[in-house]
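The values are calculated or read from the model by the stated rules, or taken from the named source; none is laboratory data. Being a predicted model, the structure only gives us computed values, none of them experimental. Cβ placement follows ideal geometry from the backbone for every residue including glycine, while neighbour counts extend to all protein chains displayed. Calculation scope for accessible area: heavy atoms of the full protein, side chains included, ligands and nucleic acids excluded. Shrake-Rupley method; radii C 1.70, N 1.55, O 1.52, S 1.80 Å.
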Amino acid sequence: MVGRIPLSAIREEFPILSVRVHGDGPIGTVESSTGKPLVYLDNAATTQKPRHVLEAVYRYYKKYNANVHRAIHALGEQATAQYESSRLEVRDFLRAVTEREIVFTRGTTEAINLVVFSWGRKNLREGDEILLTEMEHHSNLVPWQILAQEKGLELRFIPIREDGSLDTDALPRLIGERTKLLAVTQMSNVLGTINDVRSIVSLAHQRGVPVLVDAAQGVPHLPVDVRDLGCDFLAFSGHKIFAPMGIGVLYAREALLEEMPPFQGGGEMIRAVWYDRAIWNELPHKFEAGTPNVGGAVGLAAALRYLRGLGMENVRRYEDLLTRYTLRRLGELRQVVVYGNAARRGSLISFNLGDLHPHDVAQYLDAEGIAVRAGHHCAQPLHRKLGLSATVRASLSFYNSEEEVDRLVEALQGAEEFFSRGLH
Ligand SMILES: Cc1ncc(COP(=O)(O)O)c(C=O)c1O
């Protein structure tokens, strides 16, 4: 049960969860019914979509599709209304003060790049420091590296402890005169660690340092309230929160957005243009150059409405129980080593099985119908720090069940036996 809703009812909302894989025909065909029932445990990479979202996107393209903010016709007005009401849905979901603080982007990566190349280019000088953590995804590292090269900045890193938690005791010493911004993931996409963003923001703000939160893994699993967190910027991706790919959000405090120059130039983001200059549109349109992903925004709003119906507290509670169950079951396998054991953790678990290569493990699981991720999960420096080249990652969502976790554990037992017999 997620809140008061039985798991079976939730799973019915997600048609893809009942497909079979590796049958006699392509997925979805009658012939595929000879295959294995899908166990989808790759939710940190992307999530599946409920009917609410599928239908909202279908309805949008079937009935309302037009370009927004430009057309003086009924369809255009309807499309604009849907796009802008999707922004209000995001504002309410994040508890932002105003919709002027909600910028639609392609995803987390583009949202972080927006901050780096708009705010960063304007405000940073040679010798300035950006404070990151050792557990950042490449999206919250590589853009900073590019700007650091361009401007002569220094990147510094908050270390992680043995258990995979962030060593926040090091913070007071790491935030110095030159620190101009702190950028931190809300939840590690490798270790599962949930960082205490509120305390980090509070400490950084005492020193006058703004904070960017990479909430790509946080927003889909935790109740998030930007006013309570106190952060200055927060980024997340629609596709990780049950919405389509190609839509995401940058939340930023209005005062900061007002001061920032545009990220990209083109249509939509201008108020008036001459051959030699232009003046910018008002917030948030100043940051949305070109035709936006309206269908994606409509899908995102539908996903957020669905989640509000479930209740993010209920989602968190259910996923927490399922994660603990999974950790307990994985603990029964002698050869499984789990990476990340922080007290506050989310519903993804990275592990290795003896000295088997994670790709072999993932392939074995796939043959059993179980989808996991294997690799460095776009966090190569972190893997290097842990002395690993890759891990297997099982990432759970509220639509996963204990039975699915049991199938994972059984399949891992099978993999252990299979590879120990040297049959490969
Ligand atoms: C913590 C974290 N940050 C950023 C990203 C990048 O998200 P996207 O590829 O949707 O822009 C991911 C995706 O895996 C992530 O897990």
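Figures for the structure shown
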{"quantity": "In Å, descending, principal axis extents of the Cα set of the range 53-309", "calculated": "58, 49, 27"}
{"quantity": "Area of Tyr61 that stays accessible when all protein chains are in place (1.4 Å probe, Å², to 10)", "calculated": "120"}
{"quantity": "The chain - charge dipole about Cα centre, Lys and Arg +1 at Cβ, Asp and Glu -1, debye rounded to 20", "calculated": "600"}
{"quantity": "On Cα atoms only, tilt of 294-310 relative to the major axis of the chain in degrees", "calculated": "60"}
{"quantity": "Choice from Val68, Val116, Val30 with maximal GNM fluctuation in the chain (Cα, 10 Å cutoff)", "calculated": "Val30"}
{"quantity": "Degrees, to the nearest 10: 402-420 long Cα axis against longest axis of the chain", "calculated": "60"}
{"quantity": "Heavy-atom accessible area ranking, 1.4 Å probe, most first, across Ile279, Ile10", "calculated": "Ile279, Ile10"}
{"quantity": "Cα coordinate range in the range 284-332, projected on the principal axes (Å, largest first)", "calculated": "53, 23, 17"}
{"quantity": "Loop trypsin sites (Lys or Arg not before Pro), the range 316-424, which have at most 16 other Cβ atoms in a 10 Å radius of their Cβ (DSSP)", "calculated": "Arg334, Arg344, Arg421"}
{"quantity": "For the range 341-355, Karplus couplings with θ = phi - 60° (6.51, -1.76, 1.60), whole Hz, Gly/Pro x", "calculated": "9, 5, 4, 9, 9, x, 8, 10, 10, 9, 7, 10, 10, x, 9"}
{"quantity": "Sparse-neighbourhood loop sites, trypsin sites (Lys or Arg not before Pro) in the range 36-91 - DSSP loop, at most 16 other Cβ within 10 angstrom", "calculated": "Arg70"}
{"quantity": "5 angstrom amide H check on Glu154, placed H, neighbours 5+ away", "calculated": "Gly127, Asp128, Glu129, Ile130"}
{"quantity": "Charge dipole (the range 1-93, unit charges on Cβ, about Cα centre) - positive-most of Ile10, Pro26, Ser86", "calculated": "Ser86"}
{"quantity": "Within the accessible area of the chain (1.4 Å probe), percent carbon and sulfur", "calculated": "49"}
{"quantity": "Euclidean distance of C-alpha centroids, the range 29-56 and the range 73-107, integer Å", "calculated": "28"}
{"quantity": "Top positive-direction residue, dipole computed over the range 53-309 with Cβ charges, set Gly120, Ala255, Leu300", "calculated": "Leu300"}
{"quantity": "Accessible area (Å², 1.4 Å probe, nearest 10) - Arg161", "calculated": "90"}
{"quantity": "Exposed GluC sites (Glu not before Pro) absent: longest stretch of the chain, with sites in DSSP loops and at most 11 other Cβ within 10 Å deemed exposed", "calculated": "1-125"}
{"quantity": "On Cα atoms only, tilt of 74-94 relative to the major axis of the chain in degrees", "calculated": "70"}
{"quantity": "Expected 222 nm ellipticity per residue - DSSP helices of 4 or more, -39500 (n - 2.57), all of the chain, to 500", "calculated": "-10500 deg cm²/dmol"}
{"quantity": "Positive-end residue, the chain charge dipole about Cα centroid, Cβ charges, pick of Phe419, Ser199, Tyr275", "calculated": "Tyr275"}
{"quantity": "Under-30-angstrom lysine pairs by C-alpha in the range 53-309, whenever the two are 8 or more apart or on separate chains", "calculated": "12"}
{"quantity": "Normalised contact order of the chain, rounded percent, pairs of Cα under 8 Å and 6 or more residues apart", "calculated": "21"}
{"quantity": "Simple label model, 7 Å out from Cα along Cβ direction - Ile270 to Glu77, nm", "calculated": "2.7"}
{"quantity": "Check: the range 107-259 dipole with +1 on Lys, Arg Cβ and -1 on Asp, Glu Cβ, in debye", "calculated": "200"}
{"quantity": "Unit Cα scatterers, Debye sum, the range 240-364: log10 I(q)/I(0) for q = 0.11, 0.18, 0.19, 0.21 Å⁻¹", "calculated": "-0.69, -1.03, -1.08, -1.18"}
{"quantity": "Solvent-accessible surface (1.4 angstrom probe) belonging to Leu132, in square angstrom, nearest 10", "calculated": "0"}
{"quantity": "Summed side-chain charge close to Ala342 - residues other than Ala342 whose Cβ falls under 9 Å, Lys, Arg +1, Asp, Glu -1", "calculated": "+2"}
